[in-house]
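For reference, the structure is listed below as structure tokens.
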């Protein structure tokens, strides 16, 4: 903002010089960053003599309208700078148009390598592709000619609005509503049409400068602790540069005979079966609970939404987003926490802090709690993992809670069943199926049901979710649909609104356990985490060794840690006592909730005054 202020305050001649420099730089950066996309220049400096171009028509491939994917074949007709398209030439003749764009008022970019043409018409962006190089060159040449002709037409008659939208009905036509007429008039002047590309490129350069400043700031912030005295820096104000890669790739576990391990345990709870460390991923069940908060911004958006039905849209979408990270995670299972194990995740960048603890061993129960200025999130999870011969089923038991203090809302929901198919052979894949009911225990204004559709062998559509938000009378107010690993939309296709889209997966995810960027960050341990209790998962030896690729040592430590747990359990049984969790308590309804002591006790470095058991 300081740089922008200085730019706006300089005299006009200097501003023009700076602008021209930015313009040249932006064209170079833009073309290089988009793999040789070339922006087609428009008409400059008033009108000139441009001959009327010949009509051009034929088939091109057009990218399907959002949110659909892929390309389909469409017939295009170009006349005097107006590009129309339909399914075939007959549709064009009959006026059955699927779309129409003024190429004179569009930013045109071409990519010769892939024979692609993009037309950015503000309201719509047309992505076109031509397989033949000869036809591609012909279309590009004709589009250039028609574009210049159309821009020259507008420049010659800047006050004649009929030249701006000749493919629309005139403003006096009954087909043109008053609101549409107002919207069409005065959208463009000659100067705006000529400068549109420069404006867009200047905005692009401005964004680049902001990103550049951000990276410089990161470099500066990263050395602040070394430059300043230890007590003068507030931890929450320092930007933490998080890792983007695990220390070692995942091991090859193809030599392990799963059948020999599992054949005697069909139908049994696998949480009680000892597994080789090679079958694990270097994350813990407590950390997997934290992964459900990867898209916590959806809860922040819910907390700032006044309409209760729209709030439920964001809550429901958040519920679905918690399953997205599992899509690529069929190669390994998380470590089972030992009794008393804890995990902390403090994320000022996301605005929340999270704690979890293993509060019971038989049955295994993991409890967690997260809070921020906008929401409170908590749950206890009791999962049963069963092997059925070819697939493993994970059945969670328990209720998840979110409160929004701003509105007094208290949302509750269950979880669906998860199933990993082709455990022993073939391509493994994970499926979630069942129904989630979300209700607001503080108000009965609205409720929501989300169905995770079970895949059928005759249907190629998988991972689909469908949902409906209803009022007290059962009337549907909002519809939700999408795929739990990709995106969730609200409304009716094709005009539905995208509420959430999953973050891009790292390019090398297959070599690193299928982890998302957020998952990679969860087990990171650095010098800034000296305040952790000795029971924190990041200090667990076997999990750390697996992450570093030392399988033999990891397996030895895993067996040692499990033996220590058995010995502690025997001591408790002999003394006729039960384990008492440090940071959670059992509530009246037999669920586990935070006792709100963790963060206060954390102020004492390493929880020095607390007596912790030796877990590893």
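The table below gives the values:
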read-out: Segment 481-616 - convex hull of alpha carbons, volume per residue in Å³; value: 208
read-out: Estimated FRET transfer efficiency when R0 is 25 angstrom, pair residue 54-residue 132 (beta carbons, to 0.05); value: 0.85
read-out: Kirkwood-based Rg to Rh ratio, segment 413-531, C-alpha trace; value: 1.06
read-out: Neighbour-count ranking [beta-carbon atoms within 10 angstrom, fewest first] of 495, 296; value: 495, 296
read-out: For peptides 324-336, 570-582, 554-566, sequence by mean Cβ density within 10 Å, most packed first; value: 324-336, 554-566, 570-582
read-out: Which of 85, 59 has the fewest Cβ neighbours within 10 Å, and the rest in rising order; value: 59, 85
read-out: Peptide ranges 466-472, 89-95 listed from the most packed, as the mean C-beta count within 10 angstrom indicates; value: 466-472, 89-95
read-out: Residue 574-residue 362 FRET efficiency (beta carbon distance; Förster radius 25 Å; 0.05 resolution); value: 0.90
read-out: Centre separation in Å (Cα based) which lies between segment 559-594 and segment 365-415; value: 21
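Taken together, the values in this text are just the output of simple stated rules run on the coordinates, not laboratory data. Because the structure is predicted, anything quoted here is derived from the model rather than measured. Here Cβ is always computed from backbone atoms with ideal geometry, including for glycine, and neighbour counts include all displayed protein chains.
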